[in-house]
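As structure tokens, the structure follows; a few thoughts come after it.
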Amino acid sequence: SGLTYPLALGGTLALLFITLWAYKRHSHAARGALLAFVFAAVSLTFVAVAPGNAVRQASYGAPMEPFAAIVQSIAECLQTTGGWLSPQLAAAGLLLTALLWKPLRDSGVRFRYPLLFSFFSFGALAAAFVPAIYATGLESARVDRIQATLYLAFILVALGNIVYWLGWAAVRCGTYRPSLARWKVWLCALLAVWGLFTSSIRTTPVVCSTLSLLNGSAARYDTEMTARENAIADAPTKDEAISAVMELSVHPYLFASDGLTLGKDSIVPAMHHYFALQALLKRYPAGAIPTAEWERLGAWSSSAVSQASTQSGAGVSP
């Protein structure tokens, strides 16, 4: 799925740079760093050659060629991370400028290659987009499944670039002494509050989520969802289970849109089967479920599958 890929790639690159720096400085930790890098590189190799990509390609039938997937991942990374630039990052930049300018200037590090640092860090972030796009294609929207990990990696890359570029500027502009003036504090607070009303990584802003709790829409959503699930579980036939699926009257900001009404013919039977199994496990001990219960559940599921197959083939000529 790509979830471990960003961590494996980023960790391997970080250990590589640490190892090179340790050997250049003739550090006693050089051998330990080299050993850690070797283990990380082997782990990354296992992630890269794992058969998961081939399995997903066979399942979805919409893979991309390796080079095309890399190019597409770079474009996708540019578009996605551009939407993740938030006022909070600007506030963090102001605070870090005032707090880290002198420590970075006196650290002894020259910060000579800011462009290379930005290039390689962005490349590592873009590489994290590759597995999902390569295995399933862009149209499958499988990148959404790993957006949380990608977003956290983006935050680390963004903060790392801010610190590196600050170090580069501090070393070359040593006479400048930024201070944390009162107006900067107020500006940072304003940017932080402004960021609460913006949406990144396709999640809901904090203020809107809180509002859905205060105005009762989240509670109504939970009540209607629970009632609908109970109706599906208790329905004696597939038709009655499907008729129980009604559009919810509320849509809290905290939750995604209700998609059950769009695919209820195929989803509702699976939900009923799940609820029925849970009820049987609560009613009977393990290994003691009567055969009649299994036959009843099997008959319900068979009729549901038969009806679904009949509906799907009704408009298809032989």
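No lab work stands behind these numbers, since they all come straight from the coordinates. Computed from a prediction, not measured in an experiment: that's the story for all the values here. Heads up, the Cβs are rebuilt from the backbone with ideal geometry, glycines too, and the neighbour counts pull from every protein chain shown.
At a Förster radius of 25 Å, what calculated FRET efficiency corresponds to the Cβ-Cβ distance of Leu187 and Leu115, to the nearest 0.05?
0.35
Would you calculate the separation in nanometres between label points at Ala98 and Phe67, each defined as 7 Å from the Cα along the Cα-to-beta-carbon direction?
The answer from the label model is 5.1 nm.
Using 0.36 nm times the number of residues separating Glu295 and Val163, minus their current alpha carbon distance, what extension gain do you get?
Full extension from Glu295 to Val163 adds 41.0 nm.
Please report, in whole Å³, the volume per residue of the convex hull around the C-alpha atoms of region 219-298.
So the per-residue Cα hull volume is 105 Å³.
Just to confirm my numbers, what's the Cα centroid distance between region 108-138 and region 238-290 in Å?
Measuring centre to centre over Cα atoms gives 42 Å.
Could you work out the local net charge near Arg177, counting Lys and Arg as +1, Asp and Glu as -1, over the other residues with Cβ closer than 12 Å to its Cβ?
In short, +2.
Can you run phi through the Karplus equation (6.51, -1.76, 1.60; θ = phi - 60°) for region 27-36 and list ³J(HN,Hα) in whole Hz, with x for Gly and Pro?
Result, ordered by residue: 6, 5, 8, 4, 5, x, 5, 5, 5, 5 Hz.
By a straight-distance test (C-alpha under 24 Å), which lysines pair with Lys264 as possible cross-link partners, with residues fewer than eight away in the same chain excluded?
Lys238
Lys and Arg at +1, Asp and Glu at -1: add these up for the other residues within a Cβ distance under 14 Å of Ala241 and post the number.
Within the 14 Å Cβ shell, the charges total -2.
Expected output is a single nm value to one decimal: the length gained when fully extending between Val42 and Ala279, i.e. 0.36 nm times separation in residues minus the C-alpha distance. What is it?
80.7 nm
If the cut-off is a Cα-Cα distance under 18 Å, which lysines reach Lys184, setting aside same-chain residues fewer than 8 apart in sequence?
Within the straight-line limit of under 18 Å, Lys184 reaches these lysines: Lys102.
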